[in-house]
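Chemist: Got a structure here, written out as structure tokens. Questions coming.
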Ligand code: GLU
């Protein structure tokens, strides 16, 4: 059975690259009927952030990446917080101590720093094993005493060549120069990532480790630990960096990449973010771009993960989001899309009914890039717009008409709409067509005048639809208000 895991550190910020390290293992587990574990790697107390675990859980739930074992849901390998697994790491560390493969290191930090500086000055790479203390050869009993006295535990490395297979990067190998006496258990009694993840993956039966390529350089030390602990190597999948929009560097906060929380707050749909990130560095060899989660589960394959960095492109996220907004509307219906919009209406919409907001959504959804656009694009459906007469008079079609002509044109529209029996999209459309004939004005002139009078916005949906949703009273009141303003101007 395939077992994968997502093992984030609770730092309070979920970079989109981190999410890809959750999506791929999730897809791999689901497509094989395997298991996906969530494990919280919280051994770095200095980086601990209140609420960060909840943020991780909430984000995975939002993306519908449900985990089979982990916080909240529990499981046979509980606890799933590394900070609660000290005894487990101690047991494994003792195995190494018994086997003469780990020692308690009494070297003071300042001393280590001196070694480092001396090696730097001599231009030789700093490796702690070149400064191994006498304690490295103590008996297990002596070592345990030194450990109890508060010294960290180090691995006693046996430098040699390593070769291994990475499911993404291919066959790799290194020489002995990278093997070192790495710290396994820190002074504070908590394990390092290097040690803890190996113990946990083994205990939890993880078969496939997918993580950022930055861990690749430590692989020889991990391989040495698997060997010393008598563990089988799992599959390794090193996921390439996500690259900044330009240049050849890793995507960072400064390149405009937002956290998942920010994209969510902007009104990016989880379906869109999942789709975008899954396809960032993976494709199934076809032209397909839009995938539901189920389609991703079917189509995903490890051997089509790219081994070079994928470039981040925010316009692509917005493109996916627009596609998903329309997909949900067209396949699941306007009501289904409306369910996703709750947090995104302008304040002015608060007192309006769901029915009314649904109507607004139904005529504007295909112009939304994010749900957050509702805030800026729909205000005039809920409150009378400010009469920005310069915007109206300066419009490129309307500036050819005199104020008198604008007033007359508005009067013709008002009269006609006043006498309209049935206020429906169809009859409104027919009315505007008739008005084109009776007034002899160009469509751009008539429609711009009415559109701006109703919305004073740079964009609004088709005129007959806007009028229908606004209703007779609001439509006529706004047209009248503009006519009065123009008339006052004339006097
Ligand atoms: N805790 C590590 C991180 O957040 C996880 C690396 C791994 O998946 O093993 O980067």
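The values are calculated or read from the model by the stated rules, or taken from the named source; none is laboratory data. Fair warning: this is a prediction, and the values are worked out from it, not measured in the lab. We place every Cβ from the backbone using ideal geometry, glycine too, and count neighbours over all the protein chains shown.
Chemist: Can you pull out every residue in the stretch 165-182 that is over 26 Å from residue 307 (Cα atoms) and within 16 Å of the ligand (Cβ to nearest atom)?
Modeler: Within the stretch 165-182, just 182 meets the criteria.
Chemist: Is there a residue being over 40 Å from the mean Cα position of the chain (by Cα), farther than 30 Å from residue 350 by Cβ and surrounded by 15 or more Cβ atoms within 10 Å (Cβ to Cβ) anywhere in the stretch 448-467?
Modeler: Yes.
Chemist: In the stretch 274-301, what residues are outside any loop (DSSP other than H, G, I, E, B) and in contact (Cβ under 8 Å) with a residue 40 or more places away in the chain?
Modeler: 274, 275, 276, 277, 278, 282, 293, 296, 297, 298 - these are the residues of the stretch 274-301 that are outside any loop (DSSP other than H, G, I, E, B) and in contact (Cβ under 8 Å) with a residue 40 or more places away in the chain.
Chemist: Within the stretch 162-182, how many residues are under 30 Å from residue 24 (Cα atoms), surrounded by 11 or more Cβ atoms within 10 Å (Cβ to Cβ) and in contact with a strand residue (DSSP E or B) (Cβ under 7 Å, 6 or more places away or on another chain)?
Modeler: Total satisfying the criteria: 10.
Chemist: Which residues, counting only those in the stretch 192-248, are in contact (Cβ under 8 Å) with a residue 40 or more places away in the chain, in a helix (DSSP H, G or I), near the ligand (Cβ under 10 Å from one of its atoms) and buried (at least 17 other Cβ atoms within 10 Å of the Cβ)?
Modeler: Across the stretch 192-248, the qualifying residues are 196, 197, 200, 201.
Chemist: Now a separate question. Residues of the stretch 347-384 being within 23 Å of the chain's Cα centre (by Cα), in contact (Cβ under 8 Å) with a residue 60 or more places away in the chain and part of a helix (DSSP H, G or I), which ones?
Modeler: 367, 373, 374
Chemist: Sticking with this structure for a sec: Right, residue 278: crowded, with 17+ Cβ neighbours inside 10 Å, under 21 Å from residue 37 (Cβ atoms) and touching a helix residue (DSSP H, G or I) at 6+ places or on another chain (Cβ under 6 Å) or not?
Modeler: So residue 278 fits the description; yes.
Chemist: Please pick out the residue among 242, 185, 209 that is under 16 Å from residue 92 (Cα atoms) and in contact with a strand residue (DSSP E or B) (Cβ under 7 Å, 6 or more places away or on another chain).
Modeler: Of 242, 185, 209, the one residue that is under 16 Å from residue 92 (Cα atoms) and in contact with a strand residue (DSSP E or B) (Cβ under 7 Å, 6 or more places away or on another chain) is 185.
Chemist: As an exercise: evaluate residue 29 against (1) touching a strand residue (DSSP E or B) at 6+ places or on another chain (Cβ under 9 Å); (2) assigned to a loop (DSSP other than H, G, I, E, B); (3) more than 23 Å from residue 230 (Cα to Cα) and give the number of the one condition it does not meet.
Modeler: That leaves (2) as the condition not met.
This table checks each residue for (1) crowded, with 19+ Cβ neighbours inside 10 Å; (2) within 15 Å of the ligand (Cβ to nearest atom); (3) farther than 27 Å from residue 265 by Cα.
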| position | (1), (2), (3) |
| --- | --- |
| 1 | no, no, yes |
| 18 | yes, yes, no |
| 22 | yes, yes, no |
| 28 | yes, yes, yes |
| 42 | yes, yes, no |
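Chemist: Is there any pair with a first residue in the stretch 40-52 that is touching a residue at least 24 places away in the same chain (Cβ under 8 Å) and a second that is within 13 Å of the ligand (Cβ to nearest atom) and part of a strand (DSSP E or B) whose Cβ atoms are under 7 Å apart and which are 6 or more apart or on different chains, and what are they?
Modeler: 40/81; 42/81; 43/191
Chemist: Further question: Which numbered condition in (1) over 23 Å from residue 3 (Cβ atoms); (2) surrounded by fewer than 18 Cβ atoms within 10 Å (Cβ to Cβ); (3) away from the ligand (no atom under 16 Å from the Cβ) is the only one that residue 154 fails?
Modeler: Evaluating residue 154 over (1) over 23 Å from residue 3 (Cβ atoms); (2) surrounded by fewer than 18 Cβ atoms within 10 Å (Cβ to Cβ); (3) away from the ligand (no atom under 16 Å from the Cβ) leaves (2) as the failure.
Chemist: State whether the residues of the stretch 92-111 include one that is in contact with a helix residue (DSSP H, G or I) (Cβ under 6 Å, 6 or more places away or on another chain), within 16 Å of the ligand (Cβ to nearest atom) and modelled with pLDDT of 95 or more.
Modeler: no
Chemist: OK, next. Would you mind stating whether residue 88 is part of a helix (DSSP H, G or I) and within 14 Å of the ligand (Cβ to nearest atom)?
Modeler: Criteria not met by residue 88.
Chemist: Name, by its number, the condition in (1) in contact with a strand residue (DSSP E or B) (Cβ under 9 Å, 6 or more places away or on another chain); (2) near the ligand (Cβ under 10 Å from one of its atoms) that does not hold for residue 38.
Modeler: (2)
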